[in-house]
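Take a look at the structure set out below.
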């Protein structure tokens, strides 16, 4: 992998001196413009931008940008490793959703179960909830556990992992042979399909895939056991 220059930067609240965000980028000017744009355009908004708006913090006026590391000859992996060190150093005050680009384990949006308080439905992941209500995943993430209604009137909260242990055992069911699977990849290996083909099939329930199968998402494992 070719080495390039990278910047490690922080957002620090001037009044309290708290570090609320850490990031890394190859083009610092472009990245800061993206942050400014996200403060004005909800579709680009991340949790850090939501936090700043809710607390009436303006970039540059109330929050300063601190360039803490300049890596003249580094790979992306090396830059993310250094970014992670700053994440753990300031973890108590950060509004980052995860260290660097770590999307595995507890930091994976896919693995976090949520509940819609408005109708009581529970989902094994944020993505599943977003698909069900036809919402943007980031929009749900930025409002979780705040008791704040989305524009559509829905309110979401995280569920404790222990609350959905049984429900998350099976995620997708093949209607024809009543087999359950925990992931698109597992199902794809069984039926000779790609994960994307299965995902598309779940969104369009009115037609068969080339394998002649229908699929459905399963939210409640307890109901499955009763059948």
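The single residue among 91, 14, 4 that is exposed (fewer than 15 other Cβ atoms within 10 Å of the Cβ), at pLDDT 85 or above and farther than 22 Å from residue 142 by Cα turns out to be 14. Scanning segment 32-72 for residues that are free of Cβ contacts under 8 Å to residues at least 12 places away in the same chain, surrounded by fewer than 18 Cβ atoms within 10 Å (Cβ to Cβ) and not in a loop (DSSP other than H, G, I, E, B) yields 33, 34, 37, 40, 44, 54.
Criterion applied to 160, 145, 134 was being farther than 30 Å from residue 13 by Cβ, modelled with pLDDT under 75 and not assigned by TED's automatic domain parsing to the domain that holds residue 17, and the one residue passing it is 160.
The residue pairs whose first member lies in segment 180-194 and is part of a strand (DSSP E or B), whose second member is at pLDDT below 80, and whose beta carbons are closer than 6 Å, counting only pairs six or more residues apart or on different chains, are 180/170; 180/173; 181/172; 181/187.
Going through segment 18-31 one residue at a time, which ones are surrounded by fewer than 19 Cβ atoms within 10 Å (Cβ to Cβ) and either closer than 19 Å to residue 138 by Cβ or in contact with a helix residue (DSSP H, G or I) (Cβ under 7 Å, 6 or more places away or on another chain) (or both)?
The answer is 25, 31.
Do we have any residue at all in segment 168-191 that's at pLDDT below 80, out of contact with any strand residue (DSSP E or B) (no Cβ under 9 Å at 6 or more places or on another chain) and buried (at least 18 other Cβ atoms within 10 Å of the Cβ)? Among the residues of segment 168-191, at least one is at pLDDT below 80, out of contact with any strand residue (DSSP E or B) (no Cβ under 9 Å at 6 or more places or on another chain) and buried (at least 18 other Cβ atoms within 10 Å of the Cβ), which makes the answer yes.
The values are calculated or read from the model by the stated rules, or taken from the named source; none is laboratory data. Given the structure is predicted, the values throughout are model-derived calculations rather than measurements. Glycine gets a Cβ as well: all are built from the backbone with ideal geometry, and neighbour counts include every protein chain shown.
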